[in-house]
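Notes follow the structure.
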Protein chains: 2
Amino acid sequence: MKSGMPAPDGIQPARRATIREVADAAGVSRSTASRALTGRGYVAPPVRDRVREIARGLGYVPDATARHLRQQASQSIGVLVSDLSNPFYAGLAAGISQQARKRQYTMMLADDGGSPEVEVEAAEAFVALRVAGVIVTPVSAEVSTYLARQQIPVVEVDRQFSVGVCDAVVVDNENAARRVIHQLLDLGHRRIALVIDEMHWTTGRDRLAGYRGAFAAAGVPLDDSLVVTAGWDVDAARIEAHKLLSRAEPPTAIFAANNVLAEAVWRAAAELNMPIPERLSLVSFDDVSWMSLVRPGVTAVAQDPVALGEAAISQLFERIQSPHAPVRTVLLSATVAARGSTAPPPA
Amino acid sequence: MKSGMPAPDGIQPARRATIREVADAAGVSRSTASRALTGRGYVAPPVRDRVREIARGLGYVPDATARHLRQQASQSIGVLVSDLSNPFYAGLAAGISQQARKRQYTMMLADDGGSPEVEVEAAEAFVALRVAGVIVTPVSAEVSTYLARQQIPVVEVDRQFSVGVCDAVVVDNENAARRVIHQLLDLGHRRIALVIDEMHWTTGRDRLAGYRGAFAAAGVPLDDSLVVTAGWDVDAARIEAHKLLSRAEPPTAIFAANNVLAEAVWRAAAELNMPIPERLSLVSFDDVSWMSLVRPGVTAVAQDPVALGEAAISQLFERIQSPHAPVRTVLLSATVAARGSTAPPPA
DNA sequence: CTGAAAGCGCTTACAG
DNA sequence: CTGAAAGCGCTTACAG
């Protein structure tokens, strides 16, 4: 390469164009340039067109942070989920992203890995950025309380920690769980285990309530040893499921309270060569794609995370528009995708 | 409710605290308050502690947008992916989110749904927000060109459109594809189909090259009718696969160029009652969780999207630190997860 | 050791 | 119909 050649970078302007440069180039004031560019306030049409033309030529992109600082209102929302690698949360984020874009909002996303501390930290970052609102799948009551105190509209989705304090969009966990257990009881199952992550959050509590409710409605006594808490890790849960299925009197059916637990049970059954549904019936809460790829397919409560995300963002925008409207909890119902993983218990 | 009671909202301060209020409450200037809070510049220790105490008491959260405006540097990055519902992209985003948090950066995320127009729009929004850099799984050459022109550091990940123009992190598609096809040839397969989304992007082009290369190396002639372009939609691809498998002389093995196509082939084979691997061997590029849940498991090239995301963000930060360092392409190798979906061709 | 002043890039009443 | 001025909430040389 010849020396003395201009560096390739030399071709580009050193800095990004500001409204001042656009105004100067157009021979108008910054006020006029601003009016021309935003379309707010009057400016003579020919002037408007010239300013816009010049802005385009300079590759001018208005600084959104400066605009938001001035207007004291931001065009972005914060989203806080527990685990993007879980298709449920990924679908939720996808639905929110989609709708945010349609409304010209950008989305700040954080994956808190299920940690309450990380969740609050991420919420603080959102507050610092002055987001217009936050959607969260909470892992403790703190996030929503904190955000509410900071005057930031917040919608809890999937789980609800701050009932009555902030808006929420959740599915009708209890009913869906009841329906699915009812079907197992109808098939003749009596030893139906519930493999669940935990039982204090609304998701766990309500799915457990549905499970219990179905037994009560059928007048079937319930064996508490069949409710096993298996946490959030697939491998740990798989070991729990393995133990459960190795008992002297194993369950004839298992209700897995989420897709991770269903995967754990599925793997455990395979390890033990326990054919589904001949020796074991399996039902899952949360329908993800592998459940229709395996043989037999897994009967599952289908939640439609994308729709859940869309409902959450709709609620958030309503809240931003009407800060003083009464707090609302939106309850979405779920359907049951019946597949081949259930059958009458072995004789 | 009694009238005359203060509205619940009345309890909270009308506005968020600013540094001015912190300074006033502490009886110091805004300059001093700023120095105390940021830790930059000197301030007497007792004063510092008092200011911080008061800030905490007021629930003061500094306005990051104002800070960034002043410092002309932002602490967030933009991430642009094609489809969050696809576990590959979700894993990528998860890896990036993780690392961003560790470095105290926030992540703006947009799902462009594979549309070049949406992708450029989203990039414009990132420019407006003055992100420190962007990571993108590009669907056209425009995004990176545009961002480069706007002086925003950009890293292309998974696919590479702007070779030599911006940094990239990709996997060694050609080698991985060659290895996997080589294994099929070794098993005795000759009619090996390639089901691919498209063949112009680096991913498609290189996987095709690996496929071709393996045939050439083995001296086996290649039947071009066995390369079928199936797009991005599972259902459309399933129909293509169905047609392929229904030919008079169907392939004895299929190499699906990504996880969506593998799912399509899997479903088509099930519809046709074509046992895998007895009648059809299947190999996938991209290993996602269902592939180890089905029986037989699907042999797949494993890319580790989380690691890919982490590599991309590392590269991005290096670029932010050294804007004039030579452009770099990082090539990650991939492993093959051998499972039960391959066998010698039927006699 | 601290404070007054300037300025980041915008928008918006207001004056003319 | 347009421009000068003020100000959003910060930070940072600089003066004292």
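The values are calculated or read from the model by the stated rules, or taken from the named source; none is laboratory data. On a predicted model such as this, the values are computed, not experimentally measured, just so you know. Quick reminder, even Gly has a Cβ in these numbers, built from the backbone with ideal geometry, and neighbours come from all protein chains shown. The area values use the complete protein model at the heavy-atom level, side chains included, leaving out ligands, DNA and RNA. Shrake-Rupley method; radii C 1.70, N 1.55, O 1.52, S 1.80 Å.
Can residue A:137 be described as among the polar types (S, T, N, Q), at negative phi and over 16 Å from the mean Cα position of the chain (by Cα)? Walk me through it before giving the result.
Values: among the polar types (S, T, N, Q): yes; at negative phi: yes; over 16 Å from the mean Cα position of the chain (by Cα): no.
The answer is no for residue A:137.
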* the range B:300-326 - residue that is in contact with a helix residue (DSSP H, G or I) (Cβ under 9 Å, 6 or more places away or on another chain) and of a type in the set (Val, Ile, Thr) and, of those, nearest to residue B:133 (Cα to Cα) -> B:313
* To do: Residue by residue through the range A:70-98, note down the ones that are over 13 Å from the mean Cα position of the chain (by Cα) and away from DNA strand C (no atom under 16 Å from the Cβ).
  => A:77
* Assuming residue B:89 fulfils every condition listed in (1) modelled with pLDDT of 95 or more; (2) part of a helix (DSSP H, G or I); (3) open to solvent by 40 Å² or more (accessible area, probe 1.4 Å) apart from one, which condition is it? -> (3)
* Any idea how many residues of the range B:31-49 are within 11 Å of DNA strand C (Cβ to nearest atom) and surrounded by 14 or more Cβ atoms within 10 Å (Cβ to Cβ)? -> 8
* **Residues located in the range A:288-307, provided they are out of contact with any Phe, Trp or Tyr (no Cβ under 9 Å at 6 or more places or on another chain) and away from chain B (no Cβ under 13 Å)** => A:299, A:302
* Asked: Looking at the range A:47-69, which of its residues are more than 8 Å from DNA strand D (Cβ to nearest atom) and away from every other protein chain (no Cβ under 14 Å)?
  -> A:49, A:50, A:51, A:52, A:53, A:54
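Within the range B:132-139, is there a residue that is touching a Gly at 6+ places or on another chain (Cβ under 6 Å), surrounded by 24 or more Cβ atoms within 10 Å (Cβ to Cβ), closer than 22 Å to residue B:322 by Cα and within 11 Å of another protein chain (Cβ to nearest Cβ)? Walk me through it before giving the result.
First pass over the range B:132-139, keeping only residues touching a Gly at 6+ places or on another chain (Cβ under 6 Å): B:134, B:139.
Next, only the ones that are surrounded by 24 or more Cβ atoms within 10 Å (Cβ to Cβ) stay: B:134.
Cutting the leftovers down to closer than 22 Å to residue B:322 by Cα gives us B:134.
Narrowing further to those that are within 11 Å of another protein chain (Cβ to nearest Cβ): none.
No: zero hits.
Go through the range A:70-86 residue by residue and tally those that are among the hydroxyl-bearing types (Ser, Thr, Tyr) and more than 9 Å from every other protein chain (Cβ to nearest Cβ). First the steps, then the outcome.
Narrowing the range A:70-86 to residues among the hydroxyl-bearing types (Ser, Thr, Tyr): A:74, A:76, A:82, A:85.
Still in the running and more than 9 Å from every other protein chain (Cβ to nearest Cβ): A:82.
Final tally of qualifying residues: 1.
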* Structure fact -> The one condition residue A:195 fails out of (1) in a helix (DSSP H, G or I); (2) over 21 Å from residue A:143 (Cβ atoms) is (1)
* Among residues belonging to the range B:198-230 that are of a type in the set (Asp, Glu) and assigned to a helix (DSSP H, G or I), point out the one that is least open to solvent (accessible area, probe 1.4 Å). => B:206
* **Entirely in the range A:107-180, the strands (runs of 3 or more DSSP E) that have 1 or more residues that are within 29 Å of residue A:255 (Cα to Cα) and without any contact (Cβ under 8 Å) to a residue 40 or more places away in the chain** => A:154-157
